[in-house]
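Okay, structure first, notes after.
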Amino acid sequence: MQPFDYVKPLSLEAASALLVEHNGDARPMAGMTDLLIRIERGFFHLRLVIDIKALPGMRDLLVVRNGDLRIGAAVTMNEVARHPMVRGSWGLLAEGCQSVASYQLRNRATVGGNVCNASPAADSVPALLCYGASVHIFGPDGDRKLPLAEFITGPGRTALQPGELLTGITVPLPARDTAGKFLKLGRTAVGDISVMNVAVLGWPDDATPSGSQWRIALGSVAPTVIRAPGAERLLAGDTSSAGIEAAAQAASAAARPIDDIRATAAYRRDMVRVLTRRGVERVLAEMRAEV
Ligand SMILES: Cc1cc2nc3c(=O)[nH]c(=O)nc-3n(C[C@H](O)[C@H](O)[C@H](O)COP(=O)(O)OP(=O)(O)OC[C@H]3O[C@@H](n4cnc5c(N)ncnc54)[C@H](O)[C@@H]3O)c2cc1C
């Protein structure tokens, strides 16, 4: 492996200045579960990796005054998945993080790294999209905030500009009695990257014909994780068995999968229909149990 230097700055300004100074030859590192492999395989030729874990706020996992969840960019998958507060109010996110690889990997891998990786198979992203999460960025021009949906711009691509790094993620407090389900299909029962996945979030809303609102996000079936707004609208109108089937088919139609070593496009598309239906049924059952 090509040798590189390692630095652990203590201020955001110093980290950003290093990224600017080593433009293209330096990258931030969090858990390094993905970055190390990319360096080792020669996808990245780096002279410097910049450890973000000692930067202010990066290890925060807290509920801020308005009830939103704040996740610092260096908070690990296990910390999110196991936190009682997250499991209580943001259960869909806890499920997504819990599904990542193995316990050992989740002890290092961060939600921030998962988001910056911008993989269509990133298992924390479907839940974050369903909750309407935003990302916080620090760079040469100071702080800025962006909806996650605008941050991930393509496979492996984000809206980060030279000298910028992710500092954290804000996840809004969901509506009362919100229920969620994350369903992941891998080649093995646990520990594998998603062949495809579906995140379903629902909550009661008297203003819709079905009495509920929905968010559905699909992973590993398009260049980025995508929402399925057509399916969401159909469910707001009708959650009868026929309505759920129509929504599952709309989600399947929204997918743009490819054939690869993990599965064929046709199989992925069909599994979107199957798992969307299953996810909606489970969320509905949970919502009804809460009433
Ligand atoms: C064996 C194995 C199994 C895996 N299984 C899964 C799985 O089931 N599901 C899944 O979603 N992923 C999986 N992954 C991928 C990876 O572990 C996750 O994406 C993980 O969340 C990455 O987090 P990290 O902290 O290790 O990121 P790192 O490897 O440190 O960084 C990842 C990328 O993000 C950039 N980056 C990190 N932090 C910042 C920041 N604050 N600002 C700007 N850029 C930043 C880095 O420069 C790098 O390009 C797996 C990886 C391995 C090796």
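Brief remarks on what is shown
- Within straight-line reach of Lys145, meaning a Cα separation under 27 Å, sit the following lysines at least 8 residues removed in sequence or on another chain: Lys8, Lys53.
- The chain: most fluctuating residue of Thr276, Thr170, Thr239 per GNM, C-alpha cutoff 10 Å: Thr239
- Net charge of neighbours whose Cβ lies under 11 Å from the Cβ of Ala159, counting Lys and Arg as +1 and Asp and Glu as -1: 0
- Counting Cα-Cα pairs of region 228-273 in 10 Å increments starting at 0 gives whole-percent bin shares of 31, 43, 20, 5.
- Cα shape, region 146-230, gyration tensor, a/c 1.5 rule: oblate
- Residues whose placed amide H lies under 5 Å from that of Asp205, excluding near-sequence neighbours: Ser212, Gln213
- Cα-based shape type of region 164-287, given that a ≥ b ≥ c are square roots of the gyration tensor eigenvalues and the cut on a/c is 1.5: oblate
- Cβ-placed point charges (K, R +1; D, E -1), dipole of the chain about Cα centre in debye, nearest 20: 480
- Measuring r between the beta carbons of Ala242 and Lys53 and using R0 = 45 Å, the FRET efficiency lands at 0.35.
- Working note: 222 nm ellipticity from helices only, DSSP H runs with n ≥ 4, each -39,500 (n - 2.57), summed and divided by the residues of the chain, gives -10500 deg cm²/dmol to the nearest 500.
- In the elastic network of the chain, a GNM with C-alpha springs shorter than 10 Å, the most mobile of Phe182, Phe138, Phe43 is Phe43.
- Mean Cβ count within 10 Å, highest first, over the residues of peptides 70-76, 4-10, 23-29: 70-76, 23-29, 4-10
- Karplus-derived 3J(HN,Hα) values for region 252-263, using 6.51 cos²θ - 1.76 cosθ + 1.60 with θ = phi - 60°, are 4, 5, 6, 5, 10, x, 10, 7, 8, 5, 8, 5 Hz; glycine and proline are entered as x.
- For region 22-133: relative contact order, % (alpha-carbon pairs under 8 angstrom, 6 or more apart): 24
- For Met196, distant residues with modelled amide H under 5 Å away: Leu185
- Size-normalised alpha-carbon gyration radius of the chain, reference 2.2 N^0.38 Å: 1.01
Values in this text are rule-based calculations from the coordinates and carry no lab data. Just so it is clear, the structure is predicted and the values come from calculations on it, not from any experiment. Virtual Cβ from ideal backbone geometry, glycine too; neighbours counted across all protein chains shown.
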